[in-house]
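Derivation of every value follows stated rules applied to the coordinates shown; laboratory data play no part. Note that this is a predicted model, so its numbers are computed, not measured. Using ideal geometry, Cβ is built from the backbone for each residue, glycine included, and neighbour counts are taken over all protein chains shown.
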Amino acid sequence: MLCARDTVKLLRNHPSLTLWVGGNEQVPPDDINTALKNDLKLHPLFESHSGNALSIEEEDPSQYLDGTRVYIQGSMWDGFANGKGDFTDGPYEIQNPEDFFKDNFYNYGFNPEVGSVGMPVSATIRATMPPKGWQIPLFKKLTNGYTEEVPNPIWEYHKYIPYSKPGKVHDRIELYGIPKDLDDFCLKAQLVNYVQYRALLEGWNSRMWSKYTGVLIWKTQNPWSGLRGQFYDYLLDQTAGFYGCRCAAEPIHVQLNLATYFIEVVNTTSEELSNVAVEASVWDLEGACPSYNVFDKLSLPPKKVMSISELNYPKSENPKPVYFLLLKLYNMSNNSIISRNFYWLYLPGGDYKLLEPYRNKRIPLQITSKTSHKDSSYEIEMNVQNKSEKPDPKILTYKNNFANRHEDGEFDMASLEPVHNKTEEKQKAGLFQRLYRQFPRETDGSKISEIKGSDVGVAFFLKFSVHALKTDNKGGDDTRILPVHYSDNYFSLVPGEEMSIKMSFEVPQGVTPRVTLEGWNYQSEVPTVI
């Protein structure tokens, strides 16, 4: 109890702390549980929803260990899962993405734990395992039409979660074609990671407050080199699942309900958002835009999910088997982007195998970089533009000026107000940024790199990484500099579109960094962009 009381004192002033839980998947012994209930009882001011309490003056707040938060005896009791302590959390395996949106996916309001797959990139496998661990799973075809993945013993030891569940989920990697080697397998796994975790959270978004009250993902990382649910691996490199999750978890979010194919906007903030527009553009593998719609003059009530319209493309004549969907939520007063969401989709009963020959497309890119650094600290801003088509000024797609955000990722709500209400100083910088700017930094200026190509289309699944510049690299060395904080990664650009990616990192003494860009269309060569 001394330890518990000390822990409460250590943590109780954290504003993000919601409640106290006595045990994870268990209840403390009766004597400890009773003591915790007594120590963590609520101050009368917080006992009722109205906040109108009797005899508040007679209560001395200093007599309470906390007094402001509820105490729950265990993570599966008192409102979590089925509330009875039964193991009704999870699941912890691969799912069909559309299932997260269905009414029968999870029966209870708050899920204290749900998890899924978590393969890292191939460089992490090579850096953490001997060559015997570089063998990808065998894809064993079963009589029921499903595929069973048979991993090597090292992956099995490291708790690998397969990308299929025979009898329920067809192999999600196999949808892109049978992988040829470790690099191919891990790249396709990142595609699945992104879709899986975005759908997981978007499914909860879709039923916010109507069915679901909350969800916790287990887990964000492995404290050893595990091969199961994780957003960043043992070496601190983010998986694509991290960016899929972060996309879905933004406070104001535009999304596609994968079960109904209705476009939805989720507003988790306490403020109404008015005069906004949703743009939905469909792109095929030839670089054409067969469907374009704008839904404007919308108002989004606070803490609500708003259904906008059904996506009309799959029901149109002669839809393509594989296509891309770009959703953007705009502030109509200044065309700033509040939310951007990019999907790759296939027709019912289909697969993504047409993306395999799409790898051979060479989509031209222009990357403009601006580097600032002080000692070993680097900040780099990359502006990436898909040069396969000139921007069309008549449509919104190319106006990629994003609404202002703070360093913590939250919106500067002033940037969402009409232009005439804004003052020059309302676009605030985060505390770190304000302090960092007080120090003199060296600026390398702007550099422009170009990736040549003659094809028109989507530059698909682009990924930046930072490496140590080594002249004596033997070819098998892991030269990555980790961790790196990216404003976004694993992103795609439609023809003519551009996006700014910011990254920050520290380099070891005497190391010169180089930034490379990979992508679905850029596998044979990994260009150095700085």
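Under 5 Å from the amide H of Ser291 lie the amide H atoms of Val282, each residue being 5 or more positions distant or on a separate chain, with H modelled from the backbone and absent for Pro and chain starts.
For the pair Thr213 and Ser500 in one chain, pulling the backbone fully straight at 0.36 nm per residue adds 99.9 nm over the alpha carbon distance.
Mind giving me the FRET efficiency for Lys297 and Asn33? R0 is 60 Å, r the Cβ-Cβ distance, nearest 0.05 is fine. Provide the component values of the computation, followed by the final result.
Working: r = 54 Å, r/R0 = 0.91.
That pair, Lys297 with Asn33, gives E of 0.65.
Would you mind working out the magnitude of the charge dipole of the chain relative to its Cα centre, with +1 at each Lys and Arg C-beta and -1 at each Asp and Glu C-beta, to the nearest 20 Debye? Don't skip to the end; give the middle numbers.
Values: 56 positive and 67 negative charges, 229 e Å.
The dipole of the chain has a size of about 1100 debye.
Axis of helix 2-11 versus longest Cα principal axis of the chain: the two differ by about 50°, to the nearest ten degrees.
For the ranges 155-163, 86-94, what's the packing order if you count other beta-carbon atoms within 10 Å of each residue, average per peptide, and put the highest first? Could you put the intermediate results ahead of the total?
On the way: 155-163: 18.6, 86-94: 15.9.
Final packing ranking: 155-163, 86-94.
Here the simple spin-label model places points 7 Å from the Cα toward Cβ, and for Lys9 and Leu347 these points are separated by 6.8 nm. Taking a straight Cα-Cα cut-off under 16 Å and skipping sequence neighbours fewer than 8 places away in the same chain, the aspartates and glutamates within cross-link reach of Lys390 are Glu286, Glu450, Asp455, Glu497, Glu498. Rounded to 0.05, the FRET efficiency of the Leu142 and Thr260 pair, given R0 = 35 Å and the Cβ-Cβ distance, is 0.70. Note on the range 59-163: along the principal axes its Cα atoms extend 65, 36, 21 Å, ordered by decreasing extent. The long axis of helix 30-39 is offset from the longest Cα principal axis of the chain by roughly 90 degrees. Legend: residue pairs Lys165/Lys470; Lys361/Lys447; Lys211/Lys320, Cα-Cα distance threshold 31 Å; pairs beyond threshold, Lys165/Lys470; Lys211/Lys320.
Length gained on full extension, Thr528 to Thr512: 4.5 nm, using 0.36 nm per residue less the C-alpha separation. Listed by chain and number, the lysines whose C-alpha is less than 24 Å from the C-alpha of Lys37, apart from same-chain residues fewer than 8 away, are Lys9, Lys84. Specify which residue in the list Ala189, Phe262, Leu298 is farthest towards the positive end of the charge dipole of the chain, using unit charges on the beta carbon of Lys, Arg (+1) and Asp, Glu (-1), about the Cα centre. Toward the positive end, the furthest listed residue is Ala189. Annotation: peptides 458-468, 297-307, ranked by per-residue average of other Cβ atoms within 10 Å with the highest first, follow the order 458-468, 297-307. Taking amide H as placed 1.01 Å from N in the peptide plane, the amide H of Glu113 sits under 5 Å from that of Gly90, Leu216, each at least 5 places away or on another chain. Structural descriptor for the range 444-517: relative contact order 40 percent, calculated from alpha carbon pairs under 8 angstrom and at least 6 residues apart.
Which value in Å does the Kirkwood hydrodynamic radius of the chain take, with 1/r averaged over all unlike C-alpha pairs and then inverted? All intermediate terms of the calculation are to be shown ahead of the outcome.
On the way: mean 1/r = 0.0392 Å⁻¹.
For the chain, the Kirkwood estimate is 25.5 Å.
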